[in-house]
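Just so you know, all these numbers are worked out from the coordinates, no wet-lab data involved. Since this is a predicted model, take the numbers as computed values, not measurements. Every residue, glycine as well, gets a Cβ built from its backbone with ideal geometry; the counts of neighbours run over all protein chains shown.
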Amino acid sequence: MADPDNIIIKHADHLLLEQQLIRLPYEQLRKNFRGAHIAIEKESASIKSAAQDAATSIMRQTADRDATLRSLDSMIQQVEALKKKLEGYAEEEERLISSLDARLTHVGNLYSFKTYQDSGYEAWSRVRLDRLMSDYLLQQGFSDSAKELAKERGIEALVDIEPFETWNKIRTSLENHVVTEALAWCAENKKELRKMNCNLEFMLRYQQYIEMLRPGDPSLFVKAIHHARKYIVPFQKQYPAKVFAACGLIAYRSEPDGDGMYSCETWSPSRWKELSDLFTDAFHALYGIHSRPLLHVALSAGISALKTPRCHVHDGERAAISSPKEERSVPTVLAHNEAKIGDTLPSYRTSDYIDSYDARETMCPICSSELNELARTVPYANHTRSCVDHDMVVLPNGHAFSKSKLLEYAKKTTMAPNIIKDLRSGESYEISQMKKIYIT
């Protein structure tokens, strides 16, 4: 019987995974509102100025009639353009509010469940899993797959496709040695980045300066100096070492074709990867996105409950898994009646699977190649109660199984009377050879 303490839902622990779900659309709402506010301030100032000039000219009777009409037409066009722009902001706000409402409803539904056995919790958990998988695909750059999954599951309102597409686009451009889009993103979020003490914009400008000097063309030096005066020297108090180094790059630098060109960190092409990582960190911090995919975070909790010290003791043997089939000695599960039992075996018991993984990995998910590396840093399980089968028996080869499961398997596979088969190695034994074991 399940421990009552273990089936009670701890809502606060679940909410640790949902912070990003709520914060990201909230930050988008703030950004959308700020954009609308700036548009109103900018256009209204221009319209007020034009209206005052026209009114002053009319009062002084110095205005030309045609010029006044043209001025009024220009103001009308500005107002119409502002209206159209604000309609776009209003539509975006409505979409974000609808998405936020759906997310709050999704999180609120969690509080209607008290235990993991409550009706409806499994469906809610499935929705969350689909969302975590979509977010994982987005963070890995598979936007199309994430869109298809979200559309198929009907969870578009719970998935942040647009922000991650923007992130992936800018990240890719930086890896392709282009800073234009990243600088535009910094301009849009300048206030927030300043509060975060983020040096992304400075590093982008610094990289622009380096690229101006990289060809070694003296005609570009003047342009580089103007660039440094405008974008780099103003940061002297914040980043004195970087500014000092920038000032000496023109005079002290490796030759473009020299062997030492890329030995210096400043000129190394790896700086573009560092810029990409710096942008990713800034993006995550701005929107409250966890540095690790939430799918990994959720998996780690379950992995920790299954992990034992035995799961990582055979790392040296793991290389044998990828070696050619003829170089390994792996027992085959299927014997003389392979054709009969092939359809009754689970996919993880087939000969193809056994030929690909050792017996230990067929039984333990933590030992599988998919989860082994992810489980390496999580703590070991601390079980206070045993959950093994009550009728455990041991076979002559030392493998332990549930007696009822061995007999059921023998019956389903139409084996000879009084014969059972090791589900792991495929060896056959008489029933009298198995021995009862007791857990102490």
So what's segment 392-436 giving for Rg/Rh, alpha carbon basis, Kirkwood Rh from the mean inverse pair distance? 0.90
Please compare each pair in LYS190/LYS273; LYS85/LYS195; LYS114/LYS195; LYS42/LYS230 to a cut-off of 30 Å on the Cα-Cα distance and tell me which ones are over it. LYS114/LYS195
Here D for segment 82-204, in µm²/s, from Stokes-Einstein with a Kirkwood Rh over Cα pairs at 10 °C and 1.306 mPa s, works out to 92
Segment 150-194 and segment 397-440: distance between their alpha carbon centers, rounded to Å: 56
Expressed to two decimals, segment 162-287 has a Cα Rg over Rh, using the Kirkwood radius, of 0.97
For segment 113-179, what number results from the quotient of the Cα radius of gyration and 2.2 N^0.38 Å? 1.42
Find how much the distance from ASP391 to SER291 grows on full extension, using 0.36 nm per residue of separation minus their present alpha carbon separation; answer in nm with one decimal. 31.5 nm
So, with +1 on the Cβ of K and R and -1 on the Cβ of D and E, and no other charges, what is the size of the charge dipole of segment 162-287 about its Cα centre, to the nearest 20 debye? 660
Label point distance in nm, ASN176-ARG194, each placed 7 Å from Cα along Cα→Cβ: 3.2
